[in-house]
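> This is the structure, below, for whatever I ask next.
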Ligand code: UGA
């Protein structure tokens with residue numbers, strides 16, 4: 001297959017590109033950066049186009065025309081950004097992605113659209129509290145693609161602009177499907193984690209997800225901060241499990257994924273953020289820490305307003321119902337929480353500095369920081 005992968009050099013995209021090339025597909029990646037794909041640059045099956053898709057007339061239509069399937073991974077997907085620059089988040093995640101969807105529709109190309117588990121928002125337990133029978137029953141937080149109501153917070157909590165933008169895009173794709181049979185498939189990832197998830201905090205001006213905050217504190221010293229006590233729950237999904245499901249969706253055997261939405265996640269890897277911090281610190285202390293390294297960080301609580309600023313509100317809990325992925329893709333996630341964390345943390349302890357420090361990170365971020373890290 002000829003695959004056009006937009007945003008294909010990010011965390012998910014880089015792992016997917018590797019898999020597609022292994023399976024002898026040809027892949028055109030369009031991305032702003034290429035450093036997560038460094039080891040694949042030069043592969044005969046890969047064309048890398050460094051491009052900001054927000055520019056006018058950059059050649060999207062021709063690339064879509066030349067492809068068999070389009071994968072759209074372009075997104076700002078870190079909550080700190082939703083609070084800091086909500087309009088940019090909306091523009092990229094909705095306006096720009098809509099242009100891609102429109103082009104695919106016009107040229108009748110299949111689109112695999114990455115969305116988010118954030119579209120489910122909050123659980124009924126988060127606002128009904130004691131009025132709900134058994135508020136901790138996982139059934140209240142187990143979300144299925146085609147039946148669950150989507151519950152977002154008020155406008156003043158602008159974190160939800162991301163989930164709203166993604167939800168609206170999903171609704172437009174659904175409407176295209178109704179009107180002219182447009183072939184799309186929507187993927188809702190549930191907290192994928194693995195090598196290359198985000199840059200460490202000290203090495204980027206960006207705002208990473210929780211894993212990188214915690215990993216940075218372990219490697220470089222500092223505190224592991226639990227936002228509002230770290231009581232909220234997430235289901236973490238190892239990237240290899242995720243890629244297995246996504247690859248099957250790209251293959252789309254007998255068209256089973258057409259006009260479908262898939263939750264991709266590991267329902268058995270549920271953990272509170274507080275437990276995540278303790279697990280990571282234990283793994284680091286037992287397997288990775290050596291004399292001379294910074295002391296193990298303390299785990300502290302901070303308010304969400306202090307940490308993110310005003311406008312933040314959180315998903316309290318989200319468990320994927322993966323019945324559809326099991327039935328249509330014959331997919332089952334295999335990685336448990338501890339092996340997921342060990343594999344991801346090992347990468348950041350052993351490979352990350354070598355990989356990025358010596359290569360292109362220095363082109364993108366502060367040169368002095370990288371030099372200090374290596375020496
Ligand atoms: C984010 C995106 O919004 C989702 O679209 C995406 O699907 C998801 O990441 C993902 O990785 O798949 P979220 O889980 O809220 O969702 O992202 P994180 O920034 O990793 O936050 C997880 C939890 O940790 C939140 O409760 C946050 O408040 C907390 N947190 C974050 C801390 O307690 N300490 C920190 O240092 C950072």
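Computed from the coordinates by the stated procedures, all read-outs in this text should not be read as laboratory data. Since the model is a prediction, treat every value here as computed from it, not as a measurement. Cβ atoms come from the backbone with ideal geometry, glycine included; neighbour counts cover every protein chain shown.
> Can you compute the modelled spin-label distance between residue 351 and residue 98, with each label point 7 Å from Cα toward Cβ, in nm?
So the label points at residue 351 and residue 98 sit 3.9 nm apart.
> Let me check against my output: what whole-number percent is the relative contact order of the chain, with C-alpha pairs under 8 Å and at least 6 apart?
Relative contact order here is 18 percent.
> Another question, then. If neighbour count is taken as other Cβ atoms inside 10 Å, put 231, 25, 350 in order from fewest to most.
350, 231, 25
> For the residues 228, 137, 146, what sequence is obtained by ranking on other C-beta atoms within 10 Å, fewest first?
Lowest count first: 146, 137, 228.
> Helix-derived [θ] at 222 nm for the chain: sum -39500 (n - 2.57) over DSSP H runs of at least 4, divide by residue count, nearest 500?
Calculated from helices alone, the mean residue ellipticity at 222 nm is -10000 deg cm²/dmol.
> Output the relative contact order of the range 1-93, whole-number percent, from Cα pairs under 8 angstrom with separation of 6+ residues.
Once divided by the residue count of the range 1-93, the mean separation gives 34 percent.
> Percent antiparallel among DSSP beta bridges with both residues in the chain, to the nearest 5?
Percent antiparallel among DSSP bridges in the chain is about 10.
> So how far apart, in nm, are the two label points at residue 288 and residue 65 if each is 7 Å from Cα heading toward Cβ?
4.8 nm
> Would you list 89, 256 from fewest to most Cβ contacts within 10 Å?
Placing the least packed residue first, the sequence is 256, 89.
> Roughly speaking, what is the centre-to-centre gap between the range 167-191 and the range 265-335 when only Cα atoms are used, to the nearest Å?
28 Å
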